[in-house]
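The values are calculated or read from the model by the stated rules, or taken from the named source; none is laboratory data. Keep in mind that what you see is a predicted model, and the values were worked out from it rather than measured. FYI the Cβ positions are ideal-geometry reconstructions off the backbone, even for glycines, and counts take in every protein chain you see. To get the accessible areas, we keep the full protein, side chains included, count just its heavy atoms, and leave off ligands, DNA and RNA. Shrake-Rupley method; radii C 1.70, N 1.55, O 1.52, S 1.80 Å.
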Amino acid sequence: MSGKEIQLYEQTGPIQIKPYEHHAKYYETDQMGIIHHSNYIRWMEEARMDLMEQIGLSYKGMEEMEIISPVLSVSCEYKSMVHFDETVVIETKIAKYDGIRMKVNYRMTDKKTGELRTLAVSQHCFLNRSGKPISLKRSYPELDTKFFEFYEEKEK
């Protein structure tokens, strides 16, 4: 260990992940009055950070340990439009995790109607502050365990 340790939150009982909600703002709309497609990527980041907090980890804590998790790729499939003043419910799920890379799936639906708005995926890796790839399993086993427990929990 580097002398820095992350504070893992205590949990009692099974993890109950709450979907992230985003209320669409006027400034997020485009000339046609619908949410501009670039905003969905921001919402994905908000939802991913919320997920990390809920499972007992935080980006801030990881960064304090000098671990960064850049985005390797993002893909979005837009199914229906989101308009100003609508609320989108974003369900996140760690779809793959191996200690070096992580894949997160997103499902965005309209809060009122349940209509599917967007399906998306982001892929990430873990690097140290100098940009070298790291294995959480080897370098930070407590983080690896936390990710792996959550990943397994969601897959059961």
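Taking region 89-101 as the range and being out of contact with any Ser or Thr (no Cβ under 7 Å at 6 or more places or on another chain) and either open to solvent by less than 70 Å² (accessible area, probe 1.4 Å) or closer than 24 Å to S130 by Cβ (or both) as the test, the residues that pass are I90, T92, I94, A95, Y97, D98, R101.
The residues listed here are E53, E5, E63; of these, the one that is open to solvent by 40 Å² or more (accessible area, probe 1.4 Å), in a loop (DSSP other than H, G, I, E, B), at pLDDT below 95 and not hydroxyl-bearing (S, T, Y) is E5. Give the residue that is farthest from the chain's Cα centre (by Cα), with candidates limited to residues of region 21-49 that are buried (at least 17 other Cβ atoms within 10 Å of the Cβ) and under 22 Å from I68 (Cα atoms). Ranking the candidates gives Y40 first. Criterion first (β-branched (V, I, T) and farther than 18 Å from R107 by Cβ) does I68 satisfy it? Answer is yes for this residue.
Within the set S80, S130, the sole residue that is part of a loop (DSSP other than H, G, I, E, B), open to solvent by 30 Å² or more (accessible area, probe 1.4 Å), free of Cβ contacts under 8 Å to residues at least 40 places away in the same chain and among the hydroxyl-bearing types (S, T, Y) turns out to be S130. Look at S139 and say whether it is closer than 20 Å to I35 by Cα and over 20 Å from the mean Cα position of the chain (by Cα). It is false that S139 is closer than 20 Å to I35 by Cα and over 20 Å from the mean Cα position of the chain (by Cα). Just one of the numbered conditions (1) closer than 16 Å to M49 by Cα; (2) in contact with a Leu (Cβ under 6 Å, 6 or more places away or on another chain) is not true of K93: (2). Within region 105-118, being touching a residue at least 60 places away in the same chain (Cβ under 8 Å), open to solvent by less than 20 Å² (accessible area, probe 1.4 Å) and not hydroxyl-bearing (S, T, Y) holds for one residue alone: M108.
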